[in-house]
Structure formats: C-alpha cells, structure tokens
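A short write-up of the structure that comes next.
The values are calculated or read from the model by the stated rules, or taken from the named source; none is laboratory data. None of these values were measured; they are calculated from a predicted model. Using ideal geometry, Cβ is built from the backbone for each residue, glycine included, and neighbour counts are taken over all protein chains shown.
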Amino acid sequence: MALTNITLTAQGWVDVLNGLYQSQELKGLKFAKKCLSNIQAIEKELRPLDNIMRPSPEFLAFAERIRTEAGNDPVKVKELEATEPLLVEERKEQLATLQVMLASEKTIEVNLFNSNELPTDMNTIQLKGIHVLINN
C-alpha cells in the first residue's frame, strides 16, 4: 500500500476519522484494510487531543453537581460556578487550548483509496466523509 502525506487542520482530521468510522462496516477487503490503516494512523496522531478534551475528574463531579442542583436554570448554574471559579477557569482554558489545537495543521501519512476500491453501496454522506482520502 502506497502511503501519501496529507495536511489538514486537526479538526479536518477529526472529520475524516468520523467519516472512516461511518464507512468501516462497508464490504470490500482492500477498502477495509485501508480503512483500518487510516483509522489507526489518524487516531495515533490525534491522541493528544483526547487528553486535552477530557475534563478532570473534579470537573466531571462538579458538572454532575450542576446537572442535579441547577438543571437548565442559568441563574443557578452561574451561582454554582461562582462557588468553584478555579475549576471553571481551568476548564475554559482547557477548551481554549483544544480550539487552538483543532485549528493547527497536521500532516498524516495515509493510504489513499482508488475509486475502484470503494464499495458500491457507499452513500453520499460516507463518500463526503472520506473524500480527501480518495485518489482522483
């Protein structure tokens, strides 16, 4: 399998990965092998995003407290947030870092699909999800 370097934003790679997930149950051995190879390569490169996206255990507990005590009441949510300003600020910083990371470019070595390897039952949504991996 010939490998090709493609540069996209990290968000672009997240979208391609989701497209591969949507297509991974389609039939075709060559397609399946390239799907698997690409999923593994992209997941490996995006792993640092996982660490940034994941809220701390303390924040998760706080979020659960907000859900149970405040529900969808924005006033109560603000009141509870005021009791844990450092925790809220840490999460905001974490999400801001994630946004910067998602906007940054990443070059990943992937296997391109040839048109004749694409499953015949592939729909437009699936095709759109992986179009950057198709060798024109």
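Applying the selection to the stretch 34-83, what residues are of a type in the set (G, A, S), surrounded by 14 or more Cβ atoms within 10 Å (Cβ to Cβ) and in contact (Cβ under 8 Å) with a residue 24 or more places away in the chain?
S37, A41, listed by residue number.
Does I42 satisfy the criteria of being assigned to a helix (DSSP H, G or I), modelled with pLDDT of 95 or more and touching a strand residue (DSSP E or B) at 6+ places or on another chain (Cβ under 9 Å)?
Values: assigned to a helix (DSSP H, G or I): yes; modelled with pLDDT of 95 or more: yes; touching a strand residue (DSSP E or B) at 6+ places or on another chain (Cβ under 9 Å): yes.
Against the criterion (assigned to a helix (DSSP H, G or I), modelled with pLDDT of 95 or more and touching a strand residue (DSSP E or B) at 6+ places or on another chain (Cβ under 9 Å)), I42 qualifies.
Has the stretch 18-28 got at least one residue that is in a helix (DSSP H, G or I), more than 17 Å from the chain's Cα centre (by Cα) and under 30 Å from R91 (Cα atoms)?
Taking the stretch 18-28 as the starting set, the residues that turn out to be in a helix (DSSP H, G or I) are 18-23.
Among the residues that remain, those that are also more than 17 Å from the chain's Cα centre (by Cα) are: none.
No, every residue in the stretch 18-28 fails to be in a helix (DSSP H, G or I), more than 17 Å from the chain's Cα centre (by Cα) and under 30 Å from R91 (Cα atoms).
Scan the stretch 93-108 and report the pairs whose first residue is polar (S, T, N, Q) and whose second residue is in a strand (DSSP E or B), with Cβ atoms within less than 8 Å and a gap of 6+ or a chain change.
S104/T9; T107/N5; T107/I6; T107/T7
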